1. Considering only segment 324-331, I want to know if a residue exists there that is away from ligand 1 (no atom under 13 Å from the Cβ) and among the aliphatic types (A, V, I, L, M).
2. Could you tell me whether any residue of segment 297-316 is at pLDDT 95 or above, among the hydrophobic types (A, V, I, L, M, F, W, C) and not in a helix (DSSP H, G or I)?
3. Considering each of E325, E314, E337 in turn, give the residue that is more than 16 Å from ligand 2 (Cβ to nearest atom), under 38 Å from the mean Cα position of the chain (by Cα) and surrounded by 15 or more Cβ atoms within 10 Å (Cβ to Cβ).
4. Give the residue that is farthest from the chain's Cα centre (by Cα), with candidates limited to residues of segment 340-363 that are farther than 18 Å from D186 by Cα and outside any loop (DSSP other than H, G, I, E, B).
5. Confirm whether I112 is exposed (fewer than 15 other Cβ atoms within 10 Å of the Cβ), at pLDDT 85 or above and within 44 Å of the chain's Cα centre (by Cα).
6. Tell me which residues, restricted to segment 138-152, are of a type in the set (D, E, K, R) and modelled with pLDDT of 90 or more.
Amino acid sequence: MKGLRDGPAVTAMNSREQQAEELLREFQEREQRIRSILETALDAVVTMNPAGQITGWNAEAERIFGWSRQEAVGRRMSDTIIPPQYREAHERGLQRFLHTGDGPLLNKRIEITAVHRTGREFPVELAISSAKIADAWTFSAFVRDISDRRQAEEAREEANRAKSEFLILQAADKLQQSLFNTVSHDLRTPLASVIGALSSVLEDGALLDALTQQKLLKTAQDEARRLNWLVQNLLDMTRLEGGAIRMKTQPCNVHDVVGAALRQLGEMAQSHPVSVTIAPNLPLVPMDHVLIVQVLVNVLDNALKYSPGETPVEIEAQTDADHLEIRILDRGRGIPEEELERVFDKFFRGASPGASKGTGLGLSICKGFVEAHNGRIVAKNRPHGGAEVAIFLPVKTSQSAMRTAGADH
Ligand SMILES: Nc1ncnc2c1ncn2[C@@H]1O[C@H](COP(=O)(O)OP(=O)(O)OP(=O)(O)O)[C@@H](O)[C@H]1O
Ligand SMILES: [Mg+2]
């Protein structure tokens, strides 16, 4: 009978044994569950003991590193998956951790290179954690092969590089195209007029009266001048673009500079009443005479070109403690507000330049030359109509101007 064979003490022992067995079974089941989770994990899971030997190696580790579990377990981690160049650092890091508890790579995600059994290196993402079990350290590494991600990143970078190279080429192409259009149209048109006018005089001279001949020669002269000036602008732009502007800075008389610009414009300046107001007793101002004359010629040409004949064009000059200011004012159509910023851009021509000829280089060259003097050029509209362009040049020789002073053009 049950009650006779099994006393209360035996029953208690049995139930303790049972409890222990149950606990053990539960523990084994849990371990089995963890093992199967690790086994089927999408990451390679590698565990290592404090001696640096591999103690755990799941299926994904077999796949990405090429070693079977049997081969891997017991080997040194540093001889298996760590590329030769990092092996020493790995061993040093392990020793340091065991002595000091200091492990800078622990418990964070890092990207590093690993090595396959065949010696092929590949990028991995890695997270290592440490745990002390029964007084001994165990290290677990979760490793993910990120070759595909790297390739995608590299492909994206390559695509971005190619795209920016393409954009640069496209911009250079556009510039070349614009220059080509300029050269083919703006240079050839006046050249055709010169050739036409001169041919008429030479071939039909006997049939033409003196006045007509004079007119034709005048046309040839004007167009040749325009051509000369256009070539000058194109050369200036090329020099600016190539960074080949050599300044020859010397103290200049403002009267001389304005006078030289008006002379260069020649008869073009006759189309409008041009007034010059220069404040008395202006000091000599350090500048490159040739470049500033070229600036004034371009700004004056605009004032004449974009305002009706007979309306006044004014040139004013004055200084304050720091700057010489030269202003050129006209009573023309002015510059649309939204274009004020852009008129200094290369090849920019206003939306309605009318019949006026031009390439859109003039003001961009002016800006380049004025800035080479550490100066400033601004455009605005006048309260009662017309445009005003102001040029500011420092009255004291700047360091950079001093440095280049005396250099040849
Ligand atoms: N005084 C002005 N009045 C009205 N518009 C102006 C004036 N000056 C410049 N602009 C506008 O600014 C644009 C750019 O001027 P910029 O001198 O650079 O080129 P452009 O005169 O068209 O050609 P280029 O000077 O090369 O012969 C002009 O096309 C015009 O629309
Ligand atoms: Mg112009």
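1. Yes - at least one qualifying residue is present in segment 324-331.
2. The answer is yes, given that some residue of segment 297-316 is at pLDDT 95 or above, among the hydrophobic types (A, V, I, L, M, F, W, C) and not in a helix (DSSP H, G or I).
3. Exactly one residue qualifies, and that residue is E325.
4. This residue is V343.
5. yes
6. Within segment 138-152, R144, D145 meet the criteria.
Table: residues versus (1) away from ligand 1 (no atom under 15 Å from the Cβ); (2) buried (at least 20 other Cβ atoms within 10 Å of the Cβ).
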{"site": "A279", "(1), (2)": "yes, no"}
{"site": "D288", "(1), (2)": "yes, yes"}
{"site": "G309", "(1), (2)": "no, no"}
{"site": "E341", "(1), (2)": "no, no"}
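The values are calculated or read from the model by the stated rules, or taken from the named source; none is laboratory data. The structure displayed is predicted, hence computed values, not measured ones. No Cβ is skipped: glycine too gets one built from the backbone with ideal geometry, and neighbour counts run over all protein chains shown.
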